[in-house]
1. Would you tally the residues in the range 211-237 being within 34 Å of the chain's Cα centre (by Cα) and surrounded by 19 or more Cβ atoms within 10 Å (Cβ to Cβ)?
2. Quick one: Thr144 ticks every box in (1) outside any helix (DSSP H, G or I); (2) farther than 30 Å from Pro178 by Cβ; (3) touching a Lys or Arg at 6+ places or on another chain (Cβ under 6 Å) bar one, so which box is it?
3. Which residue pairs have Cβ atoms closer than 8 Å, lie 6 or more positions apart in sequence or on different chains, and pair a first residue in the range 85-96 that is in a helix (DSSP H, G or I) with a second residue that is open to solvent by 60 Å² or more (accessible area, probe 1.4 Å) and among the acidic types (Asp, Glu)?
4. Residues of the range 34-72 being open to solvent by less than 60 Å² (accessible area, probe 1.4 Å), of a type in the set (S, T, N, Q) and either more than 30 Å from Val229 (Cα to Cα) or touching an Asp or Glu at 6+ places or on another chain (Cβ under 8 Å) (or both), which ones?
5. Filter the range 158-183 for residues that are over 26 Å from Phe54 (Cα atoms) and either among the aromatic types (Phe, Trp, Tyr) or open to solvent by less than 20 Å² (accessible area, probe 1.4 Å) (or both) and give the result.
6. Scan (1) free of Cβ contacts under 8 Å to residues at least 24 places away in the same chain; (2) touching a Phe, Trp or Tyr at 6+ places or on another chain (Cβ under 7 Å); (3) part of a loop (DSSP other than H, G, I, E, B) for the single condition Phe116 breaks and write down its number.
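The values are calculated or read from the model by the stated rules, or taken from the named source; none is laboratory data. As the structure is a computational prediction, the values presented were derived from the model and not from experiment. All Cβ positions, even for glycine, are placed from backbone atoms using ideal geometry, and neighbour counts span all protein chains on display. Just so you know, the surface numbers come from the protein's heavy atoms only, side chains and all, with ligands and any DNA or RNA stripped out. Shrake-Rupley method; radii C 1.70, N 1.55, O 1.52, S 1.80 Å.
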Amino acid sequence: MKTDLTRLGQELATGKKSDIGATVSGDLRPVASIERRLATLAAYKTSTAEIAQFLEGSQLALGSIQDMGRSLSPGLLTASQALNSTMIDAAAADGRQKFEAVVARFNASAAGRTMFGGAATDRSALASGKDMLAALNTAIAGSTTASDVVAAVDAWFDSSGGGFETDGYLGSQEALGPMMIAEGEALPFDLRADDQTVRDTLKGFALAAVAAEGALSGLVEERAQLLAVAAERLIHADGEVSNLRARIGAAEGRVEEARVQNAAENAANELARSALVSADPYETATALQAVQGQIEMLYTVTARIAGLRFSDYMR
């Protein structure tokens, strides 16, 4: 009875049966299977949380970049149409500041990993804005028309083995490996800072930035034309960035679906495990009370027997 009392007290305190083997008639395979599944679902929970943070960070970065492009392009167009040196200088300076800010956004990280560097998540995806501007200034040296500057900037960003690929993009050529979010389902994230949409976006900002760095100095009409091209590039790139964000949004939706599905399966497995290993608190408390009553009765009977004397009986 003391053994039963200890066992029942432990089960009431922990909420689990002390002898699971006896509960399942020695067949522990169902319990082991449920435990394995719960461990797998816990891993999926961690993975979906990480990739959700990764996708959210990418959305925020691209949204910020879009906002900067949308705020810059009207000023560039206005300055290009006014043919006013002061307005051109101001718009170009704004372009340079935003170019460096955009590069910083593409170098942002989430969950401790760089988002746009492909498999190389341990380093910046792009060289700094100042370093790329220095390289661009070298590339456009000697240009005397807006067309020359545009062609040189396009070549630097787009040529195979050109300046952007060798000095601008610092990430990996391999995409980030797919992340498991559910049973048999892996979600890829293949957006890198050397994507053509990213290059097109950077070119729009860079064309304005090089004007602030002294490109076509003294040639008001050519500088105005350069800013007009920069604005057109930014407007075009805005649509491309929207498409990227739509792709990321679809991935975010799938991750949320997987999270809900995994949570529901986890709850079902928790219930199944509970049915096998959990001790019913009402039944356990009732049995505990019964054992306590038996022990108390035993103590009472034992005390009475110990107190019996033949002389008391003879009286």
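1. 5
2. (3)
3. Arg96/Glu213
4. Thr40, Ser47, Thr48, Gln59, Gln66
5. Gly162, Gly163
6. Result: Phe116 fails condition (1) only.
Rundown of residues vs (1) in contact with an Asp or Glu (Cβ under 7 Å, 6 or more places away or on another chain); (2) under 30 Å from Val210 (Cα atoms), yes/no style:
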| position | (1), (2) |
| --- | --- |
| Ala135 | yes, yes |
| Ser143 | no, yes |
| Gly168 | no, yes |
| Ile181 | no, no |
| Phe189 | no, no |
